[in-house]
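The values are calculated or read from the model by the stated rules, or taken from the named source; none is laboratory data. In this text, all values refer to a predicted model and were calculated from it rather than measured experimentally. Cβ coordinates were reconstructed from backbone atoms using ideal geometry, including for glycine residues, and neighbour counts include every protein chain displayed. The protein model used for the area step is the full one, side chains on, heavy atoms only, and it has no ligands, DNA or RNA in it. Shrake-Rupley method; radii C 1.70, N 1.55, O 1.52, S 1.80 Å.
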Amino acid sequence: MLWGERKLDVQDWFFSSAYGHGASMKRQRIIYLDIARCIAILSISLNHAVNRTYTNYVKASIIEEFHELSRASIFLKTAVTVFSRIGVPLFLMITGALILGRKMETKDDFRRFMKHNFLSFFVTTEIWLFLGYWFHVFFEPSFVMTNVSDLVFGCIKTMLFMDMKVFSSMWYLQMILPVYLLLPVLNWFLHHSPVPSLLMIPAGIVVLLSFVIPTLNVYLPIWDMEPVSMGLSSGNLFSLYLVYILAGYWIHQGRLDKIPVSLSVCISVTAYVLFCRVQYYDYSWTSHLVSYTSPGILLCSVFLFDSLRRIKAIRNEILLGCVSWISRISFAIYLVHVFIVQYIYWYQDFAGWHRSMQMAYLEAVSVGGSILIIWLLSRIRIFREKLFLIK
């Protein structure tokens with residue numbers, strides 16, 4: 001048993017436990033998963049702060065900014081940007097560890113999953129799509145008000161995942177819903193197939209098509225080489241995000257235990273440093289960003305997850321309690337903080353601010369404000385369970 005690990009019951013593999021809600025605080029926690037969630041929510045919140053402080057998506061502006069800012073400022077931008085990409089992979093691996101780690105043996109198991117996991121998450125998603133839409137209507141400076149019927153129709157379309165007018169960060173909610181519908185199938189295969197390792201074949205092909213070749217194609221023109229094209233599409237197999245989910249399950253089952261933990265740490269750190277160097281170079285000439293399809297992010301997040309599982313680093317009970325509490329509300333932080341950071345971005349004048357101070361301010365106020373709001377509103381049961389999915 002590792003880091004207080006115990007046998008999971010149905011509430012532990014609650015669908016949204018990928019974001020840190022599930023087991024009651026009174027129950028014993030799986031501490032390494034709590035730590036992974038804390039790192040993940042820090043990564044994601046920093047992603048939203050760094051993208052509102054620096055330019056990360058407009059090619060001409062990226063290159064111009066690279067030559068205008070100091071090396072120290074570009075280095076900070078690079079380090080935070082690369083770190084901000086490991087949060088989603090960590091959350092997906094936690095999902096794999098918890099949901100795929102428990103057998104679904106009966107129809108009742110499946111019904112329970114659909115009712116208490118998928119349906120609960122779907123309802124919460126709809127609530128936040130509704131809130132996100134009207135937040136843009138009333139607060140976005142560039143939003144053009146139309147007649148009431150158009151506004152209502154726009155809200156309906158947003159909640160039906162069509163022509164969505166919400167934060168771009170809500171892409172995760174749209175992605176994870178269909179992915180979770182496939183998890184019971186993967187769960188059955190992993191626990192009932194005579195050769196469950198066969199899943200490594202399509203997973204390996206997806207890594208080649210979605211991680212290796214696209215990254216290679218970015219740099220082939222440097223050597224006057226044509227991009228590599230493949231007739232086979234990863235879309236014909238399964239989502240690249242399922243690679244992370246499967247990796248989380250296999251790591252949780254100890255499939256990397258033969259690798260020394262020191263080597264896992266070394267691989268994770270080396271991948272991070274190497275791809276910081278790659279990203280720093282890319283900023284000088286292209287709009288390419290390391291992403292969830294970058295081999296470096298795959299290696300860094302996978303071996304970080306494995307390292308956390310095997311390193312017993314925290315013994316202080318007070319610190320463990322804080323980590324577990326932040327883990328438990330991490331999904332709520334993800335949902336709330338972007339409203340705060342976007343409002344500040346729209347309405348606060350940062351002229352004259354140093355970039356590092358602006359980013360630190362956005363991070364501290366949005367996350368700190370989120371924690372305060374969650375602490376206050378979660379005292380009301382319906383908000384705690386429906387709005388924040390804290391069980």
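With a 1.4 Å probe and all protein chains left in place, how much accessible area per residue does the stretch 324-384 have, in Å²? Walk me through the intermediate numbers first.
Numbers: 3020 Å² over 61 residues.
Here the residues of the stretch 324-384 average 50 Å² of exposed surface.
Using the Karplus curve 6.51 cos²θ - 1.76 cosθ + 1.60 with θ = phi - 60°, work out ³J(HN,Hα) for each residue of the stretch 70-80 in order, rounded to whole Hz, and write x for Gly and Pro.
Using θ = phi - 60°, the values come out as 5, 4, 5, 5, 5, 4, 4, 4, 5, 4, 6 Hz.
Could you check how much of the accessible area of the chain is carbon and sulfur, as a whole percent, using a 1.4 Å probe?
On the way: 12110 of 18340 Å².
Carbon-and-sulfur percentage of accessible area, whole number: 66.
For the stretch 193-278, what class follows from the C-alpha gyration tensor (a ≥ b ≥ c being the square roots of its eigenvalues): rounded when a/c is under 1.5, otherwise prolate if a/b is larger than b/c, else oblate? It would help to have the intermediate numbers written out before the result.
Details: a/c = 2.97, a/b = 1.22, b/c = 2.44.
Oblate is the answer for the stretch 193-278, as a/c is 1.5 or above yet b/c matches or exceeds a/b.
Provide the net charge surrounding residue 259, with neighbours chosen by a C-beta distance below 10 Å and charges set as Lys +1, Arg +1, Asp -1, Glu -1. Provide the component values of the computation, followed by the final result.
Working: positive: 255, 258, 310; negative: 257, 306.
Summing Lys/Arg as +1 and Asp/Glu as -1 gives +1.
Counting alpha carbon pairs within less than 8 Å and at least 6 residues apart, what relative contact order, in whole percent, applies to the stretch 103-210? Present the calculation step by step, with values, prior to reporting the outcome.
Working: 48 pairs, mean separation 33.7, N = 108.
Contact order relative to length: 31 percent.
Please work out the FRET efficiency for the pair residue 138 and residue 116, using the Cβ-Cβ distance as r and a Förster radius of 41 Å; give the result to the nearest 0.05. Before the final figure, lay out each step's value.
Details: r = 34 Å, r/R0 = 0.82.
Computed FRET efficiency for residue 138 and residue 116 comes out at 0.75.
Mind checking which lysines have their Cα closer than 23 Å to the Cα of residue 391? Skip sequence neighbours fewer than 8 apart in that chain.
The reachable lysines, counting only those whose Cα sits under 23 Å from residue 391, are 7, 26, 103, 115.
Sort the stretch 288-391 into rounded, prolate or oblate with this rule: let a ≥ b ≥ c be the square roots of the eigenvalues of the Cα gyration tensor; rounded if a/c is under 1.5, and if a/c is not under 1.5, prolate when a/b is larger than b/c, oblate otherwise.
Values: a/c = 1.74, a/b = 1.06, b/c = 1.64.
Verdict is oblate for the stretch 288-391.
Would you compute, from DSSP H runs of 4+ residues alone, the mean residue ellipticity of the chain at 222 nm, taking -39500 (n - 2.57) per run and dividing by the full residue count, rounded to the nearest 500?
Details: 16 runs with 236 residues, N = 391.
Result for the chain: -19500 deg cm²/dmol, rounded to the nearest 500.
Hey, which aspartates and glutamates would be in cross-link range of residue 165, C-alpha to C-alpha under 20 Å, not counting anything within fewer than 8 residues on its own chain?
Of all the aspartates and glutamates, those that pass the test against residue 165 - Cα under 20 Å, at least 8 places apart if same chain - are 126, 140, 150.
Within 11 Å, Cβ to Cβ, of residue 327, how many net charges do the neighbouring residues add up to if Lys/Arg are +1 and Asp/Glu are -1?
Around residue 327, the surrounding residues sum to +2.
If we sort 318-330, 344-356 on the protection proxy, mean other Cβ atoms within 10 Å, highest first, what's the order? Let's see the in-between values first.
On the way: 318-330: 18.7, 344-356: 12.0.
Going by the mean number of other Cβ atoms within 10 Å, highest first, we get 318-330, 344-356.
How would you order 48-58, 163-173 from highest to lowest mean count of nearby Cβ atoms within 10 Å? Before the final figure, lay out each step's value.
Working: 48-58: 19.7, 163-173: 16.5.
The packing order, highest mean first, is 48-58, 163-173.
Give me the net charge for the shell around residue 53: Cβ to Cβ below 9 angstrom, other residues only, Lys and Arg +1, Asp and Glu -1. Walk me through the intermediate numbers first.
Numbers: positive: 52, 77, 355; negative: none.
That works out to +3.
Roughly how many nanometres apart are two label points built 7 Å out from the Cα toward the Cβ at residue 357 and residue 59?
3.5 nm
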